Structures are given as structure tokens and as C-alpha cells.
Number of protein chains: 2
Amino acid sequence: MELDAVEGIPEIRPGDDLASLVAERTDLADGDVLTVASTVVSKAESRVADLADFPAGPRAEEIATRLSERTDEEKDPRFAQAVLEESTDLVMEEPFLLTETRFGHVCVNAGIDRSNVPDNDLLLLPKRPGESARRIREALPEDVAVIVTDTCGRPFRYGQRGVAIGWDGIPASRDWRGEEDRDGHELAVTVQSVVDELAAAANLVTGEGAGGTPAVVVRDWDFGDHAGSENLFRDLESDFVRQALREWQWEP
Amino acid sequence: MELDAVEGIPEIRPGDDLASLVAERTDLADGDVLTVASTVVSKAESRVADLADFPAGPRAEEIATRLSERTDEEKDPRFAQAVLEESTDLVMEEPFLLTETRFGHVCVNAGIDRSNVPDNDLLLLPKRPGESARRIREALPEDVAVIVTDTCGRPFRYGQRGVAIGWDGIPASRDWRGEEDRDGHELAVTVQSVVDELAAAANLVTGEGAGGTPAVVVRDWDFGDHAGSENLFRDLESDFVRQALREWQWEP
């Protein structure tokens, strides 16, 4: 397996054709996987906004006031409003907003980015990253799978890692159920989240910051002869952590 | 960046020299990263056991009885005993045992594997995987970083992915603090867990099961000119999920 960052992609503007910008700068082949950072997908899809676009309603005012008091850090109620509008559920309200986005991704502040935008205050996540991935994929002449990536933190372990938030042309996971290990025992690990592992791998070569490259091509890797699943985002019933967080009350 | 599975590694036996077994089968160069699956590290370190080695004490009997009743699945109290002996904390007791191992890794059933062992009932995780990584690294003539990997599930997202449980010759994470994005804003993402991302990437090429290869060489990848951190496993204070799970009560 080989991963190559696509070099020389310019600053992305609304309406830019990401598929062409990538295809002009690297040789793609059938079976490759292309990862694209959500930041550039959002810019191409005009998912920028200003705080002034989000006049705070009563719920946002209440959240911002409470968070400001309890964390001793001034919170902007307009930012809370933006987070609420970009979320379908609040998983946790203190000491920060952990949210479910409209497409099922659980992340802090609905993934709204306050850096990475030159002329606006906010960069929102793509509206439906699965559709973004499909559009990019369909605009490429080669048969390439596309993954829209984000980075986020997680419980139990420090640090952020790359994750998939949208994908097309590849199942979310690879199912080893029914297969056996070297000794003939049935495998304990049955569902491998390949799109997340590809996103994590790509994040090693994209870099962050001024020298960062938002697209990576994965070559010579094969999904193999396995069943696949489209499910990546857990539902509440299977997610004990989310159930626990609903009932939990942070004490500063 | 290139990832190559090391082919032809035989079934590992107690006392086997993993460094030689890898070095004989691939060309390593200074700066490469070698990932090794915890299963083979455990086998080389004789971390196999039988259920009979773990006569259940009262706590294990209580856990197994309660879990059997509540989940409607027969649980072996000797297995609960093994999990307790391999753990320093129970993060969650129902509907399954979520544990902290002696080296800080949070995982189900202390990572004890009931497949993957030909002549015993149980395969335990390496006792101190950081030391295992160091021993393998020191036995290699080249200057190669070593990561001992495991696979596990996670909240919010379905499926398992590769994670690091021990490492040597590379910091756990890469710190981008103080660096700026293309537009001169300070970066929002500051700590990138590179050992986990390398473990996830490696898991894409190891495969599971009979055709699985337990070692992967990462070539042409560079940690770069960044500060690093050795911390990977969160402490309780920074881990809201763990705090919430302590108070939570599963209702079947």
C-alpha cells in the first residue's frame, strides 16, 4: 500500500471542482482511494459563515451563559447558535458541546472550525459528506473510491486522529465474520472500519497547517473478497457511552 | 509513505526472537517504522494461559453470575477472574467488562483473546507492551521505531480499528501547537496521535485470519520537525466518558 499526498492544490474557493484539481496533479488509476479533507470540501461547497449569520435564540443564550460561568471562559452565544443549527442532538452540554451532526457523526461543536477560513469566521462541515464524496467520485474518469475526512479526539486516548465522515465507492467496513484464524478458531474481530483506517493513514501524510495538503491517493490497496457494511455511525441503542453521557452531569 | 506486510512469518512460539524473524524476511532501513501485532508479541512472551489457571474468587463469581443473568449468556467465572487479574480498573461492568489494563489501555475484557491460540484457552496482552517494543527495537540492527498494535472498538462509531498499545523510538503524538494554517490562524488541531494512525494504517495491510501477517513495515514516512508527547492513555480527570461510565447503570 502506498499513500501519496497530492501536492500543489491551491487555496479552494466556492464552486471549485475538486475532482479536476486533484486529477490534474496526480495520476489516478482504477481501484485507488482518494481522501479529501473536509475543510476543502466545505470551502468548495461554500460552507463558510459568519457569527453574525447566527443571531442567538434563547437556547443558545442559555448554553453560552452557563458554559461561560462554569468554565470561566467567555463563550459567544452566536457560536452556540451555529452549533445548535448544525446538530441534530447534543450528546453532552458541559464542559463542551459534544454533538451529533445531521449525518450521524459525533464530534465537538458540530465540527465547526474557527481557523482555516480566510474571509469568514466559521467553516462548517459539508452538509452531507456522503453526497460530497459521491459527487467528487462521479467527476473522476477513473474508478476511484472517495473518502471525505475529518480529525477528531476520542475517549480513553489523548490526541486526534483522522476519521471518515463521508465515503463513496467503498463500504465503510469489512466483515470477517465466519472466517477463521490460523488455528481454525472463528475470528473474534469481525468488523473492521476500513474507511476510518484509511482516513487515519491519510492524515499521516497530509500534515496540518501552512504546508498541509488536503488530498491523498492510496494506491495498491484492495478491499478484498469480503462482505461490507455501510454503517459507520452508531445508533443510540448500541452506544453505551452515549447513553451514559446523556445522564451524566459534569462537576467543575 | 509505503506500507508492506512482512510475508512468511511462521506460527510464533514462546521465546521466539521476533526481531530476527522480521529482519530475515524484509529489508529494514533507518527511519522505518515496524508494527507488530500484540498477538505474536504475546505468544513470543509466553502470555498464554488456561481457564484452569484462574480459579474464580468471590468477585469473579459475583460478576459472572450477574452478567449471565442480565445478558442471558452463560459467562465463565474463571474468565471473569482472568479479566480481573489483568486489569487495574473496571471502567464498566455491564453489559460487558470494559477494563483498564496495567499499562493504561482501555479495552473490553482486558484484551484477553479466546481465539488465536492453538494449545491454550487464552492469549493475554503483553504485560508491558512499551517494554516489548523496546526489546524488539534494540534487537534490530537498523534504527527502526517499533509499535505493538491491537484492534478494538470505540464509542460513536461501529467497527474496530488498529491502535497502538506500546511503542518505542517514536513519540506517541506529534504536537502542532503554535503552528499556523495557510491563512495565519493558529491551528485548532494540536495533538495528532501518530502511533494510533500508524497502527490503523498497518491494520489495513495485515489482514485477519489464516492469511494474516502480523508485522508491517512503514517506509518513507517522517515524524518531521515537531515536538512530541509520550502520553497516549488518558487519565481519569481528562476523560469525561470514563467519568460518565463510572456512574452509569446499564438497563437491559
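Working only within segment A:194-249, note down all residues that are within 7 Å of chain B (Cβ to nearest Cβ) and not in a helix (DSSP H, G or I).
Within segment A:194-249, A:208, A:221, A:231, A:232, A:233, A:234, A:239, A:248 meet the criteria.
What about residue B:150, is it assigned by TED's automatic domain parsing to the domain that holds residue B:23, in contact with a His (Cβ under 9 Å, 6 or more places away or on another chain) and under 30 Å from residue B:78 (Cα atoms)?
yes
Identify all residues within segment A:94-113 that are within 8 Å of chain B (Cβ to nearest Cβ) and either in contact with a His (Cβ under 8 Å, 6 or more places away or on another chain) or of a type in the set (Val, Ile, Thr) (or both); write none if there are none.
A:106
Taking into account only those residues within segment A:93-114 that are within 16 Å of the chain's Cα centre (by Cα) and assigned to a loop (DSSP other than H, G, I, E, B), which is modelled with the lowest pLDDT?
Initially, segment A:93-114 is screened for residues within 16 Å of the chain's Cα centre (by Cα), giving A:98-114.
Right, trim to assigned to a loop (DSSP other than H, G, I, E, B) and you get A:102-105, A:112, A:114.
Numbers: A:102: 96, A:103: 97, A:104: 97, A:105: 98, A:112: 96, A:114: 86.
Out of the qualifying residues, it is A:114.
Does any residue of segment A:42-56 turn out to be part of a helix (DSSP H, G or I), of a type in the set (Gly, Ala, Ser), open to solvent by less than 30 Å² (accessible area, probe 1.4 Å) and closer than 20 Å to residue A:21 by Cα?
Looking for residues that are part of a helix (DSSP H, G or I), of a type in the set (Gly, Ala, Ser), open to solvent by less than 30 Å² (accessible area, probe 1.4 Å) and closer than 20 Å to residue A:21 by Cα, one finds at least one in segment A:42-56, hence yes.
Spot the failing condition for residue A:96; the list is (1) buried (at least 19 other Cβ atoms within 10 Å of the Cβ); (2) touching a Ser or Thr at 6+ places or on another chain (Cβ under 9 Å), and only one is missed.
In the conditions (1) buried (at least 19 other Cβ atoms within 10 Å of the Cβ); (2) touching a Ser or Thr at 6+ places or on another chain (Cβ under 9 Å), residue A:96 misses (1) alone.
Check off (1) of a type outside the set (Val, Ile, Thr); (2) within 14 Å of chain A (Cβ to nearest Cβ); (3) out of contact with any helix residue (DSSP H, G or I) (no Cβ under 9 Å at 6 or more places or on another chain) for residue B:130 and give me the number that stays unchecked.
The one condition residue B:130 does not meet is (2).
So residue B:241 passes all but one of these: (1) in contact with a strand residue (DSSP E or B) (Cβ under 7 Å, 6 or more places away or on another chain); (2) open to solvent by less than 20 Å² (accessible area, probe 1.4 Å). Which condition number does it fail?
Of everything listed in (1) in contact with a strand residue (DSSP E or B) (Cβ under 7 Å, 6 or more places away or on another chain); (2) open to solvent by less than 20 Å² (accessible area, probe 1.4 Å), residue B:241 misses just condition (1).
Within segment B:184-193, restricting attention to residues that are part of a loop (DSSP other than H, G, I, E, B) and modelled with pLDDT of 75 or more, which residue is surrounded by the most Cβ atoms within 10 Å (Cβ to Cβ)?
Checking each candidate, the answer is B:193.
Just the residues that are modelled with pLDDT of 95 or more and open to solvent by 30 Å² or more (accessible area, probe 1.4 Å), please, taken from segment A:168-180.
Pass one, segment A:168-180, residues modelled with pLDDT of 95 or more: A:168-173.
Passing the criteria: A:168, A:169, A:171.
The values are calculated or read from the model by the stated rules, or taken from the named source; none is laboratory data. This structure is a prediction, so every number in the text was calculated from the model and none was measured. Here the Cβ is made from the backbone with ideal geometry for all residues, glycine too, and neighbour counts use every protein chain on show. Surface accessibility is based on the protein's heavy atoms, side chains included, excluding ligands, DNA and RNA. Shrake-Rupley method; radii C 1.70, N 1.55, O 1.52, S 1.80 Å.
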